[in-house]
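What follows draws every value from the coordinates through simple rules; no lab data is involved. Just so it is clear, the structure is predicted and the values come from calculations on it, not from any experiment. Cβ coordinates were reconstructed from backbone atoms using ideal geometry, including for glycine residues, and neighbour counts include every protein chain displayed.
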Amino acid sequence: MKKLILSLLCFAVAGMVYAQGVIKLDELKMEFNPTSLEIDESSNSLTFKVSEDYIGQFHANPLKYAKQNFSIADFIEANQGKDFNKYTVTFVTSKGTLRVHYNEDGEITSSSQRFIDVNLPYKSIVEILKANEGYKIISTNHLAYSKSSWTPDKEFYKVKLENGKNRKNVKMNISRNASGVAVATLE
């Protein structure tokens with residue numbers, strides 16, 4: 001009886017081991033579809049919905065993200081038959097937008113960023129609340145502009161404060177040190 005149970009158990013284990021075979025799948029083919037890069041005739045622009053790998057990836061450095069994840073050369077090639085001498089590409093997330101203007105050669109001419117309800121750096125929050133005792137932060141906006149470069153020329157936070165019925169808007173300029181770290185100062 002013992003031999004019968006052991007041999008049945010061995011057959012069951014052997015059956016389970018051999019049941020775990022490797023499944024070969026067909027090759028995945030990805031095709032480039034240039035129609036997705038065609039410009040909207042009515043607005044002369046393209047709106048690009050950003051899909052982030054993690055929350056805040058796009059907002060951390062929107063221009064860098066756009067440069068790494070969007071090919072202006074492919075975009076210009078897809079719209080080659082049309083008579084455009086400038087292009088506007090808008091990158092959209094749930095927190096805001098980045099609008100980049102390019103010339104016919106694919107060089108950036110200007111950009112603007114606007115993000116709502118962003119987390120301020122800790123030191124900036126402390127500085128705002130110390131300068132405005134009794135107030136609380138109810139909303140924040142991060143705005144940045146550039147002219148013909150991949151780095152913002154002007155960057156600032158707009159912070160809305162509230163103390164009961166009193167409301168106040170505070171603007172904080174952002175300057176970047178040599179390592180690229182943002183330093184915000186009250187205006």
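A few remarks follow.
- Full-stretch length increase - Ala131, Cys10 - with 0.36 nm per residue and alpha-carbon distance subtracted: 35.9 nm
- Each other residue within a Cβ distance under 13 Å of Glu107 adds +1 if Lys or Arg and -1 if Asp or Glu, for a net charge of +1.
- In a fully extended conformation the segment linking Asn85 and Asn169 would gain 26.3 nm over its present Cα-Cα distance, using 0.36 nm per residue.
- Charge context of Ile116, other residues only, Cβ under 14 angstrom, K/R +1, D/E -1: +3
- Contact order, relative form, for the range 68-187: 16 percent (alpha carbon pairs under 8 Å, 6 or more residues apart, mean separation divided by residue count).
- Counting only lysines at least 8 places from Lys171 when in the same chain, those with an alpha carbon closer than 20 Å to its own are Lys95, Lys123, Lys130, Lys136, Lys154, Lys158, Lys160.
- Fraction of beta bridges assigned by DSSP in the range 43-108 that are antiparallel (%, nearest 5): 60 percent
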